[in-house]
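Read the structure below first, then the notes.
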Amino acid sequence: MYRYDEFDRRFVDERVAEFRDQVERRLTGALNEAEFKPLRLMNGLYLQLHAYMLRVAIPYGTLNGRQMRMLAHIAETWDKGYGHFTTRQNIQYNWPKLKDVPDILEALATVEMHAIQTSGNCIRNITSDPFAGVAPEEIEDPRITAELLRQWSSLHPEFTYLGRKFKFAVTGSEHDRAAIKVHDIGIQIVRGEAGEVGYRVLVGGGMGRTPMIAKELRAFLPKADLLPYVEAILRVYNLHGRRDNKYKARIKILVHETGIDAFRDQVEREFATMDRAAVTAPEGEMERIAAYFAPPELTEKPSAPVAFERMKTLDPDFAQWVERNTSAHRVPGYVAATISLKPIGGVPGDATAEQMRAMADLAESYSVDEMRITHEQNVVLPHVALGDLYKVYRGLAAIGLEAPNKGLVTDIIACPGLDYCALATARSIPVAQAISKRFASNKRQREIGPLSIKISGCINACGHHHIGHIGILGLDKAGVENYQITLGGESTEDAALGQRLGPGFGYDELPDVIEKIVDIYLDLRQGRRETFLQTYRRVGMEPFKEALYATAD
Amino acid sequence: MAKEFKPSVVTANDLIEGDSVFLGALGWVRDIAEARVALSRDEAEVLEADGVAGEDANIVVGPYLIEVSVATGRPVPVLRRERIRVSGVPTIPFGVAAPAERRAA
């Protein structure tokens with residue numbers, strides 16, 4: 001499993017000491033807020049509506065039991081006993097006090113964790129596939145590439161003060177579970193004509209107020225060229241990206257305004273003339289990193305053990321959970337089990353310290369001491385033997401996290417919204433809760449089938465509403481919360497931006513509106529196998545528009 | 001035409017704790033009921049300047065004026081965002097309270 005090397009340990013320890021000194025100087029007044037703000041942001045510390053907020057990195061969403069226990073310990077010692085897992089595979093604490101943050105960072109460092117690159121205009125923590133190293137169709141574990149990029153980007157002198165934040169995502173599978181098409185740079189591990197492994201490089205995707213689907217910059221990049229090539233991209237962006245207007249400063253705007261072909265010419269020119277050898281990873285480095293991500297040695301087991309099959313028959317709730325929340329594993333007899341952090345009426349992505357410890361116990365006992373955080377705000381136990389699955393399920397039921405709803409209508413992504421966030425214009429969490437309660441019935445959810453609802457409490461789109469099958473964007477209209485609905489968004493290799501349905505709806509109207517949209521889909525679908533997205537793509541916006549606005553005319 | 005003036009108080013985040021505070025008669029307070037209320041533009045200017053002084057003195061971060069209604073005697077922010085800030089907590093049960101409430105439901 002991923003671990004620090006000696007350099008990383010020293011780097012993080014030094015950063016903690018440096019930040020402790022900066023906090024002390026802030027508290028004594030030697031630094032004012034204007035001077036301190038960029039320093040705290042470099043260490044993941046925001047100031048939100050009710051309190052400071054600390055965003056902790058979980059590189060590639062991978063963590064072990066000891067690390068999860070530390071997250072629980074921090075929640076109880078310095079926060080209010082819980083944390084919020086985010087759409088970038090991180091965790092946020094909502095209530096830390098400034099004076100305690102150096103202690104929190106020091107505690108994190110003892111388990112090889114930190115809050116570096118979780119904020120500010122730098123290359124942010126790189127995200128990846130929660131099923132990395134597990135998915136049968138995967139070409140190569142994407143975390144190896146992500147870690148190489150992390151080592152290259154941390155404290156990169158040229159890219160520490162970019163015009164705006166910069167996000168990478170890497171997938172090793174054709175089926176994209178990392179939403180690479182809505183990242184500044186999306187990297188897909190692919191095979192070349194001779195079967196050699198390399199990269200497909202996408203650029204200029206993103207959400208926020210100007211959503212864009214990334215465009216292909218290179219169909220195939222030899223593996224060894226990765227660092228010089230992304231350095232060339234960053235150089236072109238750093239040189240030509242706008243700095244006069246933060247809303248136009250992301251690379252997606254530069255790519256859009258330059259045009260992908262002209263942008264590609266600039267990148268290729270830089271790539272051709274730069275000192276590539278100075279940037280290329282030293283020989284053997286990829287192998288060294290790969291060893292950190294070496295797959296656990298799992299012994300093949302029966303694909304349908306008798307006891308497992310019997311429990312599915314005896315406990316139909318378990319059978320439903322298995323059907324929805326487990327995914328194929330490359331080793332026969334194992335699955336990746338998704339722990340839904342979306343219990344009916346719950347706060348999407350929140351987990352209490354007790355729940356974190358219980359998940360750590362389950363990971364240690366039944367998943368080779370490994371967990372993954374997903375960009376859908378759930379947790380994955382990546383290596384569970386089928387024979388252990390019922391014990392895992394019972395363990396989750398004991399902490400209220402046995403919802404069999406992965407990918408269903410109640411598996412809602414929601415940003416913290418106006419309940420926590422200083423930027424928000426409307427609430428997100430209670431909207432998610434109301435919709436979740438409306439669709440509480442498992443039977444009904446299964447009847448509806450795969451359907452993603454994603455909710456953002458402002459135009460910055462942290463709740464990924466642009467790529468929800470149903471997207472909800474909360475705005476403020478003359479002091480009243482108003483929610484715009486988009487339909488047809490998608491986050492995978494088939495990514496699309498949702499299209500606006502029409503005028504927005506009031507807070508109280510939302511559960512009815514969403515239910516109506518779902519009912520229209522159920523009426524229009526050609527059989528149970530046609531998903532919401534497929535139906536929408538076949539029939540378009542009109543039937544939904546008609547049904548929702550006809551009575552209002 | 002200039003916007004109609006509404007009674008206002010100054011709010012900010014406490015430097016150390018990070019929570020919402022309000023400028024009162026004798027300094028920064030956590031209960032908006034104890035906040036100084038500006039009833040004219042001139043008073044608001046003075047209040048705002050006192051807020052900035054609090055930031056300069058490293059007591060608070062990001063002071064700004066918020067409009068309030070004083071109909072009930074206790075200042076109540078006009079904007080929902082500020083009403084949520086004044087409450088000091090989210091509008092929903094959170095943390096350890098959240099799952100317990102769901103189980104009871």
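Matching residues to (1) modelled with pLDDT of 95 or more; (2) more than 20 Å from A:V279 (Cα to Cα); (3) in a loop (DSSP other than H, G, I, E, B); (4) hydroxyl-bearing (S, T, Y):
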position	(1), (2), (3), (4)
A:Q117	no, yes, yes, no
A:G120	no, yes, yes, no
A:E138	yes, yes, yes, no
A:R143	yes, no, no, no
A:Q188	yes, yes, no, no
A:A194	yes, yes, yes, no
A:G198	yes, no, no, no
A:E216	yes, yes, no, no
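Would a scan of region B:43-51 turn up a residue that is within 14 Å of chain A (Cβ to nearest Cβ) and on the phi < 0 side of the Ramachandran plot?
yes
Taking A:A422, is it within 13 Å of chain B (Cβ to nearest Cβ), under 27 Å from A:Y521 (Cβ atoms) and touching a residue at least 60 places away in the same chain (Cβ under 8 Å)?
Criteria not met by A:A422.
Taking into account only those residues within region A:345-355 that are more than 7 Å from every other protein chain (Cβ to nearest Cβ) and assigned to a loop (DSSP other than H, G, I, E, B), which is nearest to B:T91 (Cα to Cα)?
Only one residue fits best here, namely A:P348.
Of the residues that sit in region A:309-330 and are buried (at least 18 other Cβ atoms within 10 Å of the Cβ) and of a type in the set (A, V, I, L, M, F, W, C), which one is nearest to the other protein chains (Cβ to nearest Cβ)?
A:W321
Identify the residue in region B:79-103 that is modelled with pLDDT of 90 or more and more than 23 Å from B:D14 (Cβ to Cβ) and, among all such residues, is farthest from the other protein chains (Cβ to nearest Cβ).
Ranking the candidates gives B:P93 first.
Results for (1) surrounded by fewer than 16 Cβ atoms within 10 Å (Cβ to Cβ); (2) out of contact with any Pro (no Cβ under 8 Å at 6 or more places or on another chain); (3) among the hydrophobic types (A, V, I, L, M, F, W, C), shown as yes or no for each residue.
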{"site": "A:K252", "(1), (2), (3)": "no, yes, no"}
{"site": "A:E257", "(1), (2), (3)": "yes, yes, no"}
{"site": "A:R264", "(1), (2), (3)": "no, yes, no"}
{"site": "A:R269", "(1), (2), (3)": "yes, yes, no"}
{"site": "A:M274", "(1), (2), (3)": "yes, no, yes"}
{"site": "A:A277", "(1), (2), (3)": "yes, yes, yes"}
{"site": "A:P282", "(1), (2), (3)": "yes, yes, no"}
{"site": "A:E287", "(1), (2), (3)": "yes, yes, no"}
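Considering region A:352-386 alone, what residues qualify as being farther than 23 Å from A:A132 by Cβ and in contact with a helix residue (DSSP H, G or I) (Cβ under 6 Å, 6 or more places away or on another chain)?
Across region A:352-386, the qualifying residues are A:A353, A:R357.
Which members of region A:128-148 meet the condition of being under 16 Å from A:K223 (Cβ atoms), crowded, with 19+ Cβ neighbours inside 10 Å and not charged (D, E, K, R)?
A:P142, A:I144, A:T145, A:A146, A:L148
For region B:11-22, enumerate the residues that are assigned to a strand (DSSP E or B) and out of contact with any Asp or Glu (no Cβ under 6 Å at 6 or more places or on another chain).
Answer for region B:11-22, where residues must be assigned to a strand (DSSP E or B) and out of contact with any Asp or Glu (no Cβ under 6 Å at 6 or more places or on another chain): B:T11, B:A12, B:N13, B:D14, B:S20, B:F22.
The values are calculated or read from the model by the stated rules, or taken from the named source; none is laboratory data. Just so it is clear, the structure is predicted and the values come from calculations on it, not from any experiment. Neighbour counts are summed over all protein chains in view; Cβ atoms, including those assigned to glycine, are modelled from backbone coordinates with ideal geometry.
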